[in-house]
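**Student:** Below are the C-alpha coordinates for one structure; questions will follow.
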Amino acid sequence: QVQLVESGGGLVQTGGSLRLSCAASGRTFSNYAMGWFRQAPGKEREFVAAISWGGRTISYQNSVKGRFTISRDNAKNTVYLQMNSLKPEDTAVYYCTADSTSEAIVRGAIHGYWGQGTQVTVSS
(Lines give C-alpha, C1' and ligand atoms only; values in the text may rest on other atoms or scores of the structure.)
Protein backbone atom coordinates (compact mmCIF):
# COMPACT_ATOMS: atom_id res chain seq x y z
CA GLN A 1 0.00 0.00 0.00
CA VAL A 2 1.02 3.58 -0.72
CA GLN A 3 -0.46 6.58 1.06
CA LEU A 4 -0.35 9.96 -0.71
CA VAL A 5 -1.12 13.38 0.81
CA GLU A 6 -1.28 16.50 -1.36
CA SER A 7 -0.74 20.05 -0.13
CA GLY A 8 -0.01 23.52 -1.49
CA GLY A 9 -3.28 24.39 -3.17
CA GLY A 10 -4.96 27.74 -2.72
CA LEU A 11 -6.33 30.86 -4.36
CA VAL A 12 -4.15 32.79 -6.79
CA GLN A 13 -4.69 35.47 -9.42
CA THR A 14 -4.27 34.88 -13.13
CA GLY A 15 -0.57 34.80 -13.96
CA GLY A 16 0.44 33.72 -10.48
CA SER A 17 2.22 30.60 -9.29
CA LEU A 18 1.66 27.72 -6.90
CA ARG A 19 3.76 24.72 -5.93
CA LEU A 20 1.91 21.54 -5.06
CA SER A 21 3.52 18.81 -2.98
CA CYS A 22 2.63 15.16 -2.55
CA ALA A 23 4.14 13.26 0.36
CA ALA A 24 4.22 9.47 0.06
CA SER A 25 4.51 6.73 2.64
CA GLY A 26 4.19 2.96 2.70
CA ARG A 27 5.92 1.04 -0.10
CA THR A 28 9.27 2.23 -1.43
CA PHE A 29 8.56 5.59 -3.02
CA SER A 30 11.39 5.57 -5.56
CA ASN A 31 10.09 2.41 -7.22
CA TYR A 32 6.90 4.13 -8.41
CA ALA A 33 6.24 6.50 -11.25
CA MET A 34 4.32 9.54 -9.99
CA GLY A 35 1.89 11.94 -11.57
CA TRP A 36 -0.76 14.59 -11.25
CA PHE A 37 -4.36 14.72 -12.46
CA ARG A 38 -6.97 17.42 -12.04
CA GLN A 39 -10.75 17.54 -11.98
CA ALA A 40 -13.02 20.56 -12.29
CA PRO A 41 -16.64 20.43 -11.04
CA GLY A 42 -18.83 18.47 -13.43
CA LYS A 43 -15.90 17.39 -15.59
CA GLU A 44 -13.86 14.24 -16.01
CA ARG A 45 -10.55 13.83 -14.28
CA GLU A 46 -7.75 14.67 -16.72
CA PHE A 47 -4.05 13.90 -16.88
CA VAL A 48 -1.65 16.75 -16.11
CA ALA A 49 1.90 15.39 -15.72
CA ALA A 50 3.89 12.25 -14.96
CA ILE A 51 7.46 11.40 -13.98
CA SER A 52 9.23 8.03 -13.93
CA TRP A 53 10.68 6.58 -10.75
CA GLY A 54 14.18 7.76 -11.72
CA GLY A 55 13.02 11.14 -13.00
CA ARG A 56 14.40 10.62 -16.53
CA THR A 57 11.04 10.30 -18.32
CA ILE A 58 8.53 13.14 -18.00
CA SER A 59 5.20 13.71 -19.75
CA TYR A 60 2.83 16.69 -19.75
CA GLN A 61 -0.60 17.47 -21.03
CA ASN A 62 -0.18 19.86 -23.96
CA SER A 63 -2.10 22.68 -22.29
CA VAL A 64 0.40 22.92 -19.41
CA LYS A 65 3.67 22.47 -21.31
CA GLY A 66 5.98 25.40 -20.67
CA ARG A 67 4.00 26.46 -17.60
CA PHE A 68 4.04 23.45 -15.25
CA THR A 69 7.04 21.44 -14.06
CA ILE A 70 6.88 18.07 -12.33
CA SER A 71 9.79 16.91 -10.19
CA ARG A 72 10.50 14.48 -7.38
CA ASP A 73 12.82 14.19 -4.43
CA ASN A 74 13.02 10.52 -3.55
CA ALA A 75 15.11 11.21 -0.45
CA LYS A 76 12.12 13.16 0.89
CA ASN A 77 9.49 10.79 -0.58
CA THR A 78 7.86 13.79 -2.24
CA VAL A 79 6.73 14.75 -5.74
CA TYR A 80 6.08 18.37 -6.75
CA LEU A 81 4.12 20.26 -9.35
CA GLN A 82 5.37 23.80 -9.94
CA MET A 83 2.60 25.76 -11.66
CA ASN A 84 3.44 29.11 -13.27
CA SER A 85 1.44 31.52 -15.43
CA LEU A 86 -1.78 30.14 -14.01
CA LYS A 87 -5.05 30.64 -15.86
CA PRO A 88 -8.68 30.41 -14.68
CA GLU A 89 -9.04 27.21 -16.69
CA ASP A 90 -6.45 25.62 -14.39
CA THR A 91 -8.98 25.80 -11.55
CA ALA A 92 -9.61 22.26 -10.30
CA VAL A 93 -8.92 19.77 -7.56
CA TYR A 94 -5.45 18.38 -8.18
CA TYR A 95 -4.76 14.74 -7.33
CA CYS A 96 -1.45 12.97 -6.89
CA THR A 97 -1.07 9.38 -8.11
CA ALA A 98 1.51 6.59 -8.00
CA ASP A 99 1.64 3.74 -10.52
CA SER A 100 4.09 1.30 -12.10
CA THR A 101 5.32 3.47 -15.01
CA SER A 102 4.90 6.99 -16.31
CA GLU A 103 3.12 5.60 -19.38
CA ALA A 104 0.62 3.84 -17.12
CA ILE A 105 -0.07 7.19 -15.48
CA VAL A 106 -0.53 8.94 -18.83
CA ARG A 107 -3.10 6.28 -19.68
CA GLY A 108 -5.09 6.97 -16.52
CA ALA A 109 -3.25 5.32 -13.61
CA ILE A 110 -6.05 2.74 -13.44
CA HIS A 111 -4.00 0.48 -11.15
CA GLY A 112 -2.47 3.31 -9.15
CA TYR A 113 -2.83 4.85 -5.72
CA TRP A 114 -4.45 8.25 -5.22
CA GLY A 115 -4.27 11.11 -2.78
CA GLN A 116 -7.25 13.04 -1.43
CA GLY A 117 -6.73 16.09 -3.65
CA THR A 118 -5.95 19.75 -3.08
CA GLN A 119 -8.01 22.66 -4.42
CA VAL A 120 -6.45 25.16 -6.83
CA THR A 121 -8.51 28.25 -7.69
CA VAL A 122 -7.30 30.85 -10.19
CA SER A 123 -9.24 34.12 -10.25
CA SER A 124 -9.59 36.22 -13.39
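**Student:** Applying the selection to the stretch 58-86, what residues are under 19 Å from Glu44 (Cβ atoms) and either modelled with pLDDT under 95 or open to solvent by 70 Å² or more (accessible area, probe 1.4 Å) (or both)?
**Tutor:** Result: Asn62, single match.
**Student:** Just a yes or no: is a residue in the stretch 33-47 among the hydrophobic types (A, V, I, L, M, F, W, C), open to solvent by 70 Å² or more (accessible area, probe 1.4 Å) and touching a residue at least 40 places away in the same chain (Cβ under 8 Å)?
**Tutor:** Start the filter on the stretch 33-47 by keeping residues that are among the hydrophobic types (A, V, I, L, M, F, W, C), which leaves 33-34, 36-37, 40, 47.
Subset that is open to solvent by 70 Å² or more (accessible area, probe 1.4 Å): none.
No, the stretch 33-47 has no match at all.
Okay, residues lined up against (1) in contact (Cβ under 8 Å) with a residue 24 or more places away in the chain; (2) under 16 Å from Phe37 (Cβ atoms):
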| position | (1), (2) |
| --- | --- |
| Gly66 | no, no |
| Ile70 | yes, yes |
| Tyr80 | yes, yes |
| Met83 | yes, yes |
| Pro88 | yes, no |
| Ala92 | yes, yes |
| Thr101 | yes, yes |
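**Student:** Is it true that Ala24 is over 12 Å from the mean Cα position of the chain (by Cα), open to solvent by less than 30 Å² (accessible area, probe 1.4 Å), of a type in the set (A, V, I, L, M) and at pLDDT below 95? Steps first, please.
**Tutor:** Numbers: over 12 Å from the mean Cα position of the chain (by Cα): yes; open to solvent by less than 30 Å² (accessible area, probe 1.4 Å): yes; of a type in the set (A, V, I, L, M): yes; at pLDDT below 95: yes.
It is true that Ala24 is over 12 Å from the mean Cα position of the chain (by Cα), open to solvent by less than 30 Å² (accessible area, probe 1.4 Å), of a type in the set (A, V, I, L, M) and at pLDDT below 95.
**Student:** Pull up the stretch 65-124, narrow it to residues that are part of a helix (DSSP H, G or I) and more than 13 Å from the chain's Cα centre (by Cα), then point me to the one that is nearest to Glu6 (Cα to Cα). It would help to see each step written out before you state the result.
**Tutor:** Residues of the stretch 65-124 part of a helix (DSSP H, G or I): 74-76, 88-90, 102-106.
Among the residues that remain, those that are also more than 13 Å from the chain's Cα centre (by Cα) are: 74-76, 88-89, 103-104.
Details: Asn74: 16, Ala75: 17, Lys76: 14, Pro88: 21, Glu89: 20, Glu103: 22, Ala104: 20 Å.
The selected residue is Lys76.
The values are calculated or read from the model by the stated rules, or taken from the named source; none is laboratory data. Since the structure is predicted, the reported quantities are computational estimates derived from the model, not experimental observations. Cβ: placed from backbone, ideal geometry, glycine included. Neighbour counts: every protein chain shown. Keep in mind that these areas ignore ligands, DNA and RNA; they rest on the heavy atoms of the full protein, side chains included. Shrake-Rupley method; radii C 1.70, N 1.55, O 1.52, S 1.80 Å.
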